[in-house]
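Take a look at the structure set out below.
The values are calculated or read from the model by the stated rules, or taken from the named source; none is laboratory data. Bear in mind that the values here come from a model prediction, so they are computed numbers and not experimental data. Don't worry about glycine lacking a Cβ; one is built from the backbone with ideal geometry, like all the others, and counts go over all protein chains shown.
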Amino acid sequence: MRILIVEDEMSIANFICDGLKEEGFAVDVANNGKTGLQLALKNIEEYDVILLDWMLPGLSGIEICRSIRKENINVPIIFLSAKDTVDDTVFGLETGANDYIRKPFSFEELLARIRVLMRKNETDVIVFTALGIELNVEKHTVTKNENPIEFTQKEFSLLEYLIRNKNKVCRRTRIIEKVWDIHFDYDNSVIDVYINSLRKKLDEPNNPSCITTVRGIGYKIDTDE
Ligand code: CA
């Protein structure tokens, strides 16, 4: 799951970015309005949520939000703003944002609101199952045949992406886009390392792997076989 943060105050941007990365999100940060809008429009298919500061150098958050909605793009947008009157909040929401959080805010609240928006976007699916694996997005847990298995954040994100798209081939480029961020150096082999560790944790001896390699293209969790 990938999030774009558009925020010119570095301390706030870094605080949110670090927190979201710890939760397993891929995160891109833009420190001014123009870059924010460029990233949003260029990678719009990739973002699951956009966090938008209101007052930004270049373009304001309001202008960015309007431009995104003008393109008929429905990505969930949350305003983060020090503007704290009811009128400001209403104006922000009327511009097309899905939520409005007043600064200062707690990271826990931001995370909870992000999860609510992502859930709405996905018609309430929080538990994904395939091949005896059960992945709970909200509790951040994985079981295989009801036995709990521990995963690192990146392993969890990778498995989440594969299982959300079960029975489809997940292309290596899409995996990188969804699970890693733009600062990633595109050394694709990191995917194989993570797939190996998922297999070690999920596969059973003498059985085919839960994760099928689609040679030259990517990986797949196949429940049709
Ligand atoms: Ca600002």
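The helices (runs of 4 or more DSSP H) found wholly in the stretch 106-225 and carrying at least 3 residues that are over 15 Å from the mean Cα position of the chain (by Cα) and surrounded by fewer than 15 Cβ atoms within 10 Å (Cβ to Cβ) occupy 107-121, 189-202. Residue 5 passes every criterion in (1) more than 25 Å from residue 173 (Cα to Cα); (2) hydrophobic (A, V, I, L, M, F, W, C); (3) within 13 Å of the ligand (Cβ to nearest atom) apart from (1). Taking the listed residues 154, 144, the one that is in contact (Cβ under 8 Å) with a residue 24 or more places away in the chain and under 14 Å from residue 130 (Cβ atoms) is 144, with no other qualifying.
Give the residue that is nearest to the ligand (Cβ to nearest atom), with candidates limited to residues of the stretch 55-91 that are polar (S, T, N, Q), closer than 20 Å to residue 113 by Cα and more than 19 Å from the chain's Cα centre (by Cα).
Step one: of the stretch 55-91, the residues polar (S, T, N, Q) are 60, 67, 72, 74, 81, 85, 89.
Adding the requirement that they be closer than 20 Å to residue 113 by Cα leaves 74, 81, 85, 89.
Still in the running and more than 19 Å from the chain's Cα centre (by Cα): 81, 85, 89.
Values: 81: 8, 85: 17, 89: 16 Å.
Per the stated criteria, the residue is 81.
Within the stretch 77-91, does at least one residue satisfy the condition of being outside any helix (DSSP H, G or I), of a type in the set (Ser, Thr, Tyr) and within 17 Å of residue 181 (Cβ to Cβ)? Taking every residue of the stretch 77-91 in turn, none turns out to be outside any helix (DSSP H, G or I), of a type in the set (Ser, Thr, Tyr) and within 17 Å of residue 181 (Cβ to Cβ).
No other residue among 168, 201 is outside the structural domain of residue 27 (by TED's automatic domain parsing) and either touching a Pro at 6+ places or on another chain (Cβ under 8 Å) or at pLDDT 95 or above (or both) apart from 201. Against the conditions (1) part of a loop (DSSP other than H, G, I, E, B); (2) surrounded by fewer than 16 Cβ atoms within 10 Å (Cβ to Cβ); (3) within 12 Å of the ligand (Cβ to nearest atom), residue 11 satisfies every one except (1). Taking the stated definitions as given, is residue 35 without any contact (Cβ under 8 Å) to a residue 40 or more places away in the chain, more than 28 Å from residue 160 (Cα to Cα) and of a type in the set (Ser, Thr, Tyr)? In short, yes. Looking only at residues of the stretch 35-54 that are in a helix (DSSP H, G or I) and among the aliphatic types (A, V, I, L, M), we find that the one that is farthest from the ligand (Cβ to nearest atom) is 41.
State whether the residues of the stretch 19-31 include one that is assigned to a helix (DSSP H, G or I), surrounded by 15 or more Cβ atoms within 10 Å (Cβ to Cβ), touching a strand residue (DSSP E or B) at 6+ places or on another chain (Cβ under 6 Å) and not assigned by TED's automatic domain parsing to the domain that holds residue 138. Yes: the stretch 19-31 contains one or more residues that are assigned to a helix (DSSP H, G or I), surrounded by 15 or more Cβ atoms within 10 Å (Cβ to Cβ), touching a strand residue (DSSP E or B) at 6+ places or on another chain (Cβ under 6 Å) and not assigned by TED's automatic domain parsing to the domain that holds residue 138.
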